[in-house]
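Each remark here refers to the structure printed beneath this line.
Coordinate-derived values only; no laboratory data. None of the values given here were measured: they were computed from a predicted structure. Ideal geometry is used to build each Cβ from the backbone, glycine not excepted, and the neighbour counts take in all protein chains shown.
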Amino acid sequence: MSYQDHINQTNALIQKQNGTWDGIDSEAVARMRLQNRFHTGLDIAKYAAKIMREDMAAYDADPANYTQSLGCWHGFIGQQKMISIKKHFGNTKRRYLYLSGWMVAALRSEFGPLPDQSMHEKTSVPALIEELYTFLRQADARELGGLFRDIDAARDSGDMVTEKRLLNEVENHQTHVVPIIADIDAGFGNAEATYLLAKKMIEAGACALQIENQVSDEKQCGHQDGKVTVPHEDFLAKVRACRYAFLELGVEDGIIVTRTDSLGAGLTKQIAVSNEPGDLGDQYNSFLDCEEINPATAQNGDVILNRDGKMMRPKRLPSNLFQFREGTGEDRCVLDCITSLQHGADLLWIETEKPHVEQIAGMVDRIREVMPNAKLVYNNSPSFNWTLNFRQQVYDAWAAEGKDVSAYDRANLMSVEYDATELAADADERIRTFQADGAKRAGIFHHLITLPTYHTAALSTDNLAKEYFGEQGMLGYVLNVQREEIRQGIACVKHQNMAGSDIGDDHKEYFAGDAALKAGGEDNTMNQFG
């Protein structure tokens, strides 16, 4: 309904109450309704899934339409990202939020900082989704509240042109609510546990769940060693559990992102069940590092496979894990991705050890031979040394072209002495275009940075502490924080407003009229910021 429709409907309702509701202002009700567009997390999940599906179709039509997100560990961080995006770009189109399991473990666990090993409370994940959307919805309420105040000021001054323009802005207001791709790790248990957690995450508003093919109780960060994968059938049971959760809750467009860690995972805890040659179990087992044995020499506890008529014993480590043959990572990734797409996944995530477009594209080309519509979510991870990686990529490309690279030490290219060189400039340009290049060449629909504000918070805090507790004193804060907030138009300089003080004043006026005791009077120091 339009703004005026809400007013008219509420007026009609008030008039039916025989005068008992005459203290209710119909326009105030209309404003509160527009400021609270989404009533439940499921409303958000359905809305966001539709947006994401439309974006996926737009990407299929033109890879220039790739999407982006930044990881979040607090509702305020997500809110500020969306406020900033609207401020600088005018809309939130093709820009999402990512909920990183790594950051939940490191920053949100009651146990204190934890490694990314699924040891944190799994309920903290849906709780963070709900928190993120609470802050995004408040960003809507704050922005619309400012428009409503401006409308009242225009009316008071008799400026009908401005009033009409502002009413049009209200009618065409774009919400700060965007899709969140939420990390469910390896499902935090068996398929039933995955299903139960998926429901909680969807009910909180998640339209996209990202799940990985590691063993749940052996889970490691994708960029650390010791990763252990599960057979495909085990993983697909969890993928189906997520789909059942979406369908049970009526989110028919829900998105499942299946992540393979096989490129860096050389271990498995289980031998896959195989019922016939060439089935999924047989394919999974074919990558195992085995040795041929005489069955008569088999020892108690040995596992023996029949491979092309030969009796083969997979090599078992002291950890009781089995290892894959070296050099099979890419083949296993390709099989993982094809299998996931054939069994209900919507998007893929290949965790790599470096950001290299051609490495990713090589695997995607093979996947697309079977599944032509394959699309990736890619982690533009802070675990990569982007500067060193891309300078080495340029060095190698130049060397292959026969260009003289004798002025450079490949192992030491991170050094500041190379910052002003042609090689460094070429590398920085490749970093700048990495996302567009990856979208076009390697099928990457969505680019994200998992841990951006973990690092920006540490860097900015370090700089502030160095200056404030040093010779700069209070100038260290004023010069590099508050003065920049004012001059760059950062909304948080008015921190009372950002925390909801003006929204509260509006409600006080609705509820108590002229008797309302409001915080935003002439003695409010926020008035110093104009």
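Listing for the model above:
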read-out	value
For the chain, share of DSSP beta bridges that run antiparallel, in % to the nearest 5	25
Percent RCO, i.e. relative contact order, over the stretch 465-530, from Cα pairs under 8 Å lying at least 6 residues apart	20
Relative compactness, the chain, computed as alpha-carbon Rg over 2.2 N^0.38 Å	1.16
The stretch 378-421-the stretch 465-530 distance, computed between alpha-carbon centres (Å)	45
DSSP-defined antiparallel bridges as percent of all bridges, the stretch 164-270, nearest 5	10
With Cα atoms, 0 to 90° folded angle of helix 124-156 axis to the chain main axis	30
Reciprocal of mean inverse Cα separation for the stretch 1-145 (Kirkwood radius, Å)	18.1
Kirkwood Rh (inverse of mean 1/r, distinct Cα pairs), the stretch 307-364, angstrom	14.1
Cβ-Cβ FRET estimate between ALA499 and THR123, R0 fixed at 35 Å, reported to 0.05	0.85
Helix-only [θ]222 nm of the chain, DSSP H runs n ≥ 4, -39500 (n - 2.57) each, per residue, nearest 500	-15000 deg cm²/dmol
Net length gained if the chain between MET1 and SER406 were fully extended (0.36 nm per residue, minus Cα distance)	138.9 nm
Projected label distance in nm at ILE304 and LEU196, using a 7 Å step from Cα toward the beta-carbon	4.1
Centroid-to-centroid separation of the stretch 177-241 and the stretch 1-48 [C-alpha atoms, Å]	39
Förster radius 22 Å - calculated FRET efficiency between SER383 and THR461 (Cβ-Cβ, nearest 0.05)	0.60
Qualifying chymotrypsin sites (Phe, Trp or Tyr not before Pro) for the stretch 445-514 [loop in DSSP, other Cβ within 10 Å: at most 16]	PHE469
Two-decimal Rg/Rh across the stretch 375-523, once Rg and the Kirkwood Rh are taken from alpha-carbon atoms	1.19
Förster-model FRET efficiency, 51 Å R0, ASN168 and GLU358, C-beta, rounded to 0.05	0.60
For the stretch 112-184, projected area of the alpha-carbon convex hull averaged over all directions, nm²	6.7
The stretch 470-512: equivalent-ellipsoid semi-axes (sqrt of 5 x gyration tensor eigenvalues, Cα, Å)	32, 11, 5
Qualifying chymotrypsin sites (Phe, Trp or Tyr not before Pro) in the stretch 91-199, DSSP loop, other Cβ atoms within 10 Å at most 14	PHE111
Normalised convex hull volume, the stretch 167-319, alpha-carbon set, Å³ per residue	151
Spin-label pair ASP43/GLU110, simplified geometry with 7 Å Cα→Cβ offset, distance in nm	3.0
Simple label model, 7 Å out from Cα along Cβ direction - GLU252 to THR134, nm	3.3
